[in-house]
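Student: Following this message is one structure expressed as structure tokens.
The values are calculated or read from the model by the stated rules, or taken from the named source; none is laboratory data. Quantities reported herein were computed from a predicted structural model and do not represent experimental measurements. Note that we place each Cβ from the backbone using ideal geometry, even for glycine, and neighbour counts take in every protein chain shown. Heads up: the accessible areas ignore ligands, DNA and RNA and are worked out on the full protein's heavy atoms, side chains in. Shrake-Rupley method; radii C 1.70, N 1.55, O 1.52, S 1.80 Å.
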Amino acid sequence: MLIINFFLNNKKEILNRLLIVGFLLLPLFFIFYPLLFQRKIFSSSFIFDGMYPLFYHYSNILKCCNYIPTWSSSYLNGIPVILTQGFGFLHPFSIIFFKFFDYILAYNWLVVISGFLTSFFTYLLARELNLSKPASLIAGVIFLFNGLVIQWLPLLAFAYFLPIYPLVFLLILKIYRNKNKSQISYWYISLLILIITIGWVSAFTEVIFYLVLAVIAFSLFVDFKNFKKNGEAKESFPLLKKFKTTKQLFVALVISSMF
């Protein structure tokens, strides 16, 4: 009854959100329908010869032995799974999907889910930047289907990285725009720690490193905007009192790196 009342009271807002999700999902389902429902595969030689065999071995061990394999012998002369972030073995989605589903369907669905999250978080970031809903939807679709993203999306480690990119910048803006300037944004910091930690262990390490550098530069930029152009800026030392966003980001980076 409570659910029905909530839906009736917020019917317009719920329908708007469903339309937004549907607008972002339709292009993905249109393009990737054969991969999701007809058991087709990606034709790239690297994915066919490398990724599918790797995740076949990975999925079998998860299903039969209930542990994450530390070594995979199905690629080249073998690779250390724990030390190889370039495949996404340690991502929570990989552990769950490859444990319970067919490895080809799991791989294909994870690629599409990551694509949807990339588009959706880009939409939220655009909305946080005060773009209109139509403009934000266009931004989400364009970012997902630009040449670079669509080329690397089928590679699962890159697919895991792509949603992190807009989400981290979104969280930085949320921390910066926290209404209580003196209060630590515990919720956003915790989410930032979780996201960056998952990135460190499941995406390409060097790409996450470049993202971290970009986010640090962005947080410094938004903090500098707090400085007034009058004489108060000269009296604002020590500067650490002003860099609220950068300080909280630094805490998140230190904690995520410890994991």
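Student: Just checking, does the range 85-103 include any residue being over 15 Å from the mean Cα position of the chain (by Cα), within 30 Å of residue 247 (Cα to Cα) and open to solvent by less than 10 Å² (accessible area, probe 1.4 Å)?
Tutor: no
Student: Being among the small types (Gly, Ala, Ser) and out of contact with any Leu (no Cβ under 6 Å at 6 or more places or on another chain) is the filter; apply it to the range 193-224 and report the residue that is most open to solvent (accessible area, probe 1.4 Å).
Tutor: In this case the residue turns out to be 217.
Student: With the requirement that a residue be among the charged types (D, E, K, R) and either assigned to a loop (DSSP other than H, G, I, E, B) or open to solvent by 40 Å² or more (accessible area, probe 1.4 Å) (or both), what does the range 122-165 give you?
Tutor: Once the filter is applied, which keeps residues that are among the charged types (D, E, K, R) and either assigned to a loop (DSSP other than H, G, I, E, B) or open to solvent by 40 Å² or more (accessible area, probe 1.4 Å) (or both), the range 122-165 yields 127, 133.
Student: Residues of the range 91-112 being part of a helix (DSSP H, G or I), within 21 Å of residue 194 (Cα to Cα) and in contact (Cβ under 8 Å) with a residue 40 or more places away in the chain, which ones?
Tutor: Result: 92, 93, 94, 110, 111.
Student: Just one of (1) in a helix (DSSP H, G or I); (2) hydrophobic (A, V, I, L, M, F, W, C); (3) modelled with pLDDT under 75 trips up residue 55, so point out which.
Tutor: (3)
Rundown of residues vs (1) modelled with pLDDT of 75 or more; (2) over 26 Å from residue 161 (Cα atoms); (3) not in a helix (DSSP H, G or I), yes/no style:
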| site | (1), (2), (3) |
| --- | --- |
| 209 | yes, no, no |
| 216 | yes, no, no |
| 219 | yes, no, no |
| 233 | no, yes, no |
| 237 | no, yes, yes |
| 246 | yes, no, no |
| 251 | yes, no, no |
| 254 | yes, no, no |
| 257 | yes, no, no |
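Student: Still on this model: Condition check: polar (S, T, N, Q) and surrounded by fewer than 22 Cβ atoms within 10 Å (Cβ to Cβ). Does residue 118 satisfy that?
Tutor: When the stated conditions are applied, residue 118 does not pass them.
Student: Next up: When you look at residue 59, is it of a type in the set (Gly, Ala, Ser), surrounded by 14 or more Cβ atoms within 10 Å (Cβ to Cβ) and either more than 21 Å from residue 97 (Cα to Cα) or touching a helix residue (DSSP H, G or I) at 6+ places or on another chain (Cβ under 8 Å) (or both), yes or no?
Tutor: It is true that residue 59 is of a type in the set (Gly, Ala, Ser), surrounded by 14 or more Cβ atoms within 10 Å (Cβ to Cβ) and either more than 21 Å from residue 97 (Cα to Cα) or touching a helix residue (DSSP H, G or I) at 6+ places or on another chain (Cβ under 8 Å) (or both).
Student: Just checking, how many residues over the range 125-145 are free of Cβ contacts under 8 Å to residues at least 60 places away in the same chain and more than 15 Å from residue 112 (Cα to Cα)?
Tutor: The total comes to 14.
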